[in-house]
């Protein structure tokens with residue numbers, strides 16, 4: 001059900017792009033550092049105001065657990081506030097979790113995240129490289145709750161290729177991981193034709209996105225890192241099918257204000273989101 005919901009939101013807005021919320025205090029607009037009871041509270045308020053300003057313009061948001069957790073208990077409180085507001089405003093919400101867990105920890109976390117507990121989300125981002133014991137508990141819980149699991153295959157950083165592009169048994173490591181996803185997702189196909197077990201690729205690596213789309217036609221792709229220096233919308237377009245579906249492009253726009261610091265920072269984020277949509281839809285037509 002959840003993947004169908006995402007597709008419908010993309011179709012309604014004719015916009016297959018999403019905001020990544022991964023804030024840091026050193027890139028927070030100065031006013032938000034000083035005008036609230038604490039900088040962490042200001043960071044949460046900045047994220048919430050961006051969500052409110054972008055309501056009805058973006059179908060989805062991806063929120064980084066790691067970025068908020070680095071700020072301690074207050075950061076986790078702000079994470080909860082951001083997730084709840086994103087749901088209230090009607091976004092499809094993806095929680096970027098990516099923690100190293102053993103099987104028992106994964107079972108506990110999967111239930112907490114995907115059963116509507118503290119961290120409200122429609123899908124969760126994981127790494128598959130710790131092995132199936134860290135991923136399958138999430139898939140089982142997602143199946144119960146009709147939610148989605150996004151598993152990292154390719155990352156944006158250059159060093160990721162040191163492992164992800166290695167050849168093993170006549171295939172690369174990232175396609176070996178994608179083979180696992182295809183098997184895990186066989187029984188989770190939605191009406192839209194895509195599985196609730198999805199992959200995460202990088203807007204920095206056009207060739208890998210082309211391979212993933214051609215070889216795994218039922219694998220939805222979350223295309224991360226559009227803000228990276230070597231990433232672009234043309235690269236990301238290779239993740240989409242011929243109807244303009246099958247992928248969602250994510251970009252961290254929270255630092256867009258830095259180019260025009262005298263302007264309202266939230267207005268700068270809105271303008272950046274509009275540019276992102278134009279850039280992506282230059283190459284992708286959502287039918």
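Please treat every number below as a calculation from the coordinates, not as lab data. Computed from a prediction, not measured in an experiment: that's the story for all the values here. Positions of Cβ are backbone-derived with ideal geometry, glycine not excepted, and every protein chain shown enters the neighbour counts.
Distance distribution P(r), region 69-227, all Cα-Cα pairs, bin width 5 angstrom from 0: 2, 9, 17, 21, 21, 16, 10, 4, 1, 0 percent. Over the residues of the chain, the helix contribution to mean residue ellipticity at 222 nm works out to -13000 deg cm²/dmol, using -39500 (n - 2.57) for each DSSP H run of at least 4.
Per-peptide packing, taken as the mean over residues of other Cβ atoms within 10 Å, places 61-69, 194-202 in the sequence 194-202, 61-69 from highest down. For region 93-108 versus region 20-69, the inter-centroid distance based on Cα atoms is 23 Å. Principal axis extents of the Cα atoms in region 118-185, from largest to smallest and rounded to whole angstrom, are 37, 25, 16. Suppose we look only past 19 Å in the calculated P(r) of region 138-236. What percent of the Cα-Cα pairs does that tail hold? Across region 138-236, Cα pairs with separations above 19 Å total 41 percent. Take the Kirkwood radius over Cα pairs of region 242-287, plug it into Stokes-Einstein at 4 °C and 1.567 mPa s, and you get 110 µm²/s for translational diffusion. Looking at the chain alone, DSSP beta bridges between its own residues are antiparallel in about 10 percent of cases.
Quick check on region 1-131: take the gyration tensor over C-alpha atoms, sort the square-rooted eigenvalues as a ≥ b ≥ c, and tell me if it's rounded (a/c under 1.5), prolate or oblate. It comes out oblate by the Cα gyration axes.
If you wrap the Cα atoms of region 27-91 in a convex hull and average its projected area over all directions, you get 4.3 nm².
Starting from the eigenvalues of the Cα gyration tensor, five times each then square-rooted, give me the equivalent ellipsoid semi-axes of region 188-287, largest first, whole Å. Taking √(5λ) for each eigenvalue gives 28, 14, 12 Å, largest first.
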